[in-house]
Amino acid sequence: MHSSVGDETNKTQNSLWGGRYAEGPGAIMREINASIGFDRKMWRQDIFGSLAHAQMLSRVGIISSEDEAAIRQGLADIARDIEAGGFAWSEALEDIHMNIEARLTERIGEAGKRLHTGRSRNDQVALDVRLWVRDAIDGLDAQIADVMRALVARAAEHAGTVMPGFTHLQPAQPTTFGHHLLAYVEMLSRDRGRLADCRARLNESPLGAAALCGTGFPIDRHMTAKALGFDGPTRNSLDSVASRDFAAEFLFACAMCATHLSRFAEEIVIWTNPYFGFVKLSDAFTTGSSIMPQKRNPDAAELVRGKTGRMIGNLVGMLTVMKGLALTYFKDMQEDKEPVFDAAENLALALAAIGGMVRDMQPQVARLEAAAGAGFSTATDLADWLVRELKMPFRDAHHVTGKLVAMAEQKGVDLAGLTLAEMQAVEPRISEGIFDVLSVGASVRSRTSYGGTAPANVAKMAAEWKEKLA
C-alpha cells in the first residue's frame, strides 16, 4: 500500500524530470534534436560567416547587390538585438543557423531566403566552430601570456630565494623559488605553442563544401576564405564537413595547459599548508570554514585542480563521439560544441585564478631557506666535491657520501654539522675545503650549467622572458 506522501513525491519527481516529455515523441525529439541552448554562443561567428558568404554571392552574380545590402543591414540589426538581449531564441528552429536565418527572412523578406544559396548547415556549422575556436585560442593565448608575465615578475623578485627542490616529494637538492616558478613559464610557453599550432592547422575555410560534395553554383571559396581571415579554403568537401580533429586538438591543448595549471595549484595547496608554510595567500583566494575559525582553505587552487578533470573529460568525450563515425556528417557531431565551449571557458577561469594567486602569494623566505637545508640536501654537492677535488670516481664518491649522511643522521646533525675529523674517519683525504660547498647558498650558486638553478642564471632567464613577453 503506497502512502500519499510517496505518491506526491513521485509526482514531483516526474514533474521535475519527465514531465516535459508528457506530450510524447514530438517533445522528446524536439528536445534531443535542438542545439540552440548551447550553440547560440556562436552567433557572432555565424553572422560573420553569413556576411562573407552574401558578399561573395553578390560578387559572382548569384544574388543582386540590392539583396546583399538588405542581408547586410538585416544581419547588423539582428546582431544588435542579440547583443542587447532582445532576441527571442526558438527551440523549434533547432540551432543558431536557422534562428538567425528565420529572423532575417522575417525582417527583409525574399532576400533573406537567398542567403543560403551554395551552402548547407553542414559547412556552415563547420565554419562557425572553426571561427569560434580560433577566437577562443586568441583569447587564451593572451591569458597564458599574462600568467607567464606574473610568474616571470615573481621569479625575478626571488631569483636568489633558496627553497628545497623535491623528487618524490622528498627533499632532493636546494633550488631557488625563482627557478621553480620559471619551470612553469616553460610549460606555459609550450602550451602557447600547441594552441598556435592548432590555430594554424584549423585556419582553412570549409564554407562552400555545402552538404558534403560542394555545389554547382559558381561560388568563389577563396574569396570567402580570405574575407574570413583564413589561409585558404579546405581542399576536400567530404573532409570539410566530416572532420573535427581541430576541435579535438584544441581540447588536448586545453587539457594539457590545465594539467600544468593543476600541478601548480597542487603545489600551492601543499605550500600553504602550515606544516610547509612556504607561501601565504590572502583572503582574496582562500575561504574559511563554517565551523573551524582558524582555517584558511586554498579553494581557488583546489578548484583549478578539480576543473582539470572535466577538461580532460571533454577531450575523451570528443574522441569517443568521433571514433565510430563514417564519412561524412552525422547528428552525433552536434556533441562537439559543448565540450569545446566548456573547456575554453573553464581554462580561461583557471588561468585567471592562477594569475591572481601568483600575484597575491607571499613567499615565506625564512621558512623556505630553513627547509632548503633539510634532508641532507647538499649531499650531491659533497659527492661532487669528492670527484672534483680528490679525483674520486663518482660511484665511490656516492658511497662515501652515503656513509657521511648515515653518520650525520645518527648524530642528529646536518652534513655541515659533522667535524672534519669525523669526515676524515670515513675518507682521510677530505680537507677543510669541504665546508665551502655544504651550505645551501653555496649549493645553489654552484649550479651554473645552462638551465641550472644558480641565482645569476635565474635572473638572466627571467630578464630574457620579460623581454620576450613585453
Per the charge dipole of the chain (beta-carbon charges, Lys/Arg positive, Asp/Glu negative, Cα centre), the residue among L382, Y275, L115 reaching farthest to the positive end is L382
Are there trypsin sites (Lys or Arg not before Pro) in segment 429-470 that DSSP marks as loop and that have at most 13 other Cβ atoms within 10 Å, and which are they?
R429
Restrict the search to segment 327-395; then list the trypsin sites (Lys or Arg not before Pro) that DSSP places in a loop and that have at most 15 other Cβ atoms within 10 Å of their Cβ.
K391
Could you please report the charge total around L438, scoring K, R as +1 and D, E as -1 over all other residues with beta-carbon less than 9 angstrom from its beta-carbon?
-3
DSSP beta bridges in the chain [antiparallel fraction, %, rounded to 5]:
90 percent
Expressed in nm to one decimal, what extension gain is obtained for the pair R201 and E31 from 0.36 nm per residue of sequence separation less their Cα-Cα distance?
57.8 nm
Near the amide H of G165, under 5 Å away, which other amide H atoms are found, from residues 5 or more places off or on another chain, if H is placed in the peptide plane?
A172, Q173, T175
Accessible area per residue, Å², the chain with all protein chains present, probe 1.4 Å:
49 Å²
Among S262, G313, G208, which residue has its Cα furthest toward the positive end of the charge dipole of segment 189-343, with +1 on Lys/Arg Cβ and -1 on Asp/Glu Cβ?
S262
Over the chain: helical MRE at 222 nm, DSSP H runs n ≥ 4 each giving -39500 (n - 2.57), nearest 500:
-20500 deg cm²/dmol
What size of dipole, in debye to the nearest 20, comes out for the chain about its Cα centre when the only charges are +1 on Lys and Arg C-beta atoms and -1 on Asp and Glu C-beta atoms?
620 debye
Highest mean packing first, using Cβ neighbours within 10 angstrom, the peptides 114-127, 317-330 sort as 114-127, 317-330
Could you check how much of the accessible area of the chain is carbon and sulfur, as a whole percent, using a 1.4 Å probe?
54 percent
For A76 and R40, what does the FRET efficiency come to when R0 = 22 Å and r is the distance between their Cβ atoms, rounded to the nearest 0.05?
0.80
For segment 137-177 and segment 434-470, write down the distance between their C-alpha centroids in whole Å.
13 Å
For the chain, would you read off the P(r) tail past 31 Å as a percentage of all alpha carbon pairs?
60 percent
Assuming 0.36 nm per residue, please report the length gained on full extension of the stretch Q424 to D245 beyond their Cα-Cα distance.
58.0 nm
Can you compute 3J(HN,Hα) from phi for each residue in segment 222-235, using the Karplus curve 6.51 cos²θ - 1.76 cosθ + 1.60 with θ = phi - 60°, rounded to whole Hz and x for Gly and Pro?
5, 5, 5, 4, 5, 4, 8, x, 8, 6, x, x, 4, 9
Can you list the HN-Hα couplings for segment 63-79, worked out from phi with the Karplus curve (6.51, -1.76, 1.60; θ = phi - 60°), rounded to whole Hz and with x for Gly and Pro?
10, 7, 5, 5, 5, 4, 4, 5, 4, 4, 5, x, 5, 5, 5, 5, 4
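The values are calculated or read from the model by the stated rules, or taken from the named source; none is laboratory data. Remember, predicted model here, so these are calculated numbers, not experimental data. Backbone-built Cβ (ideal geometry, glycine too); neighbour counts: all protein chains shown. Ligands, DNA and RNA are excluded from the accessible area calculation, which covers all protein heavy atoms including side chains. Shrake-Rupley method; radii C 1.70, N 1.55, O 1.52, S 1.80 Å.
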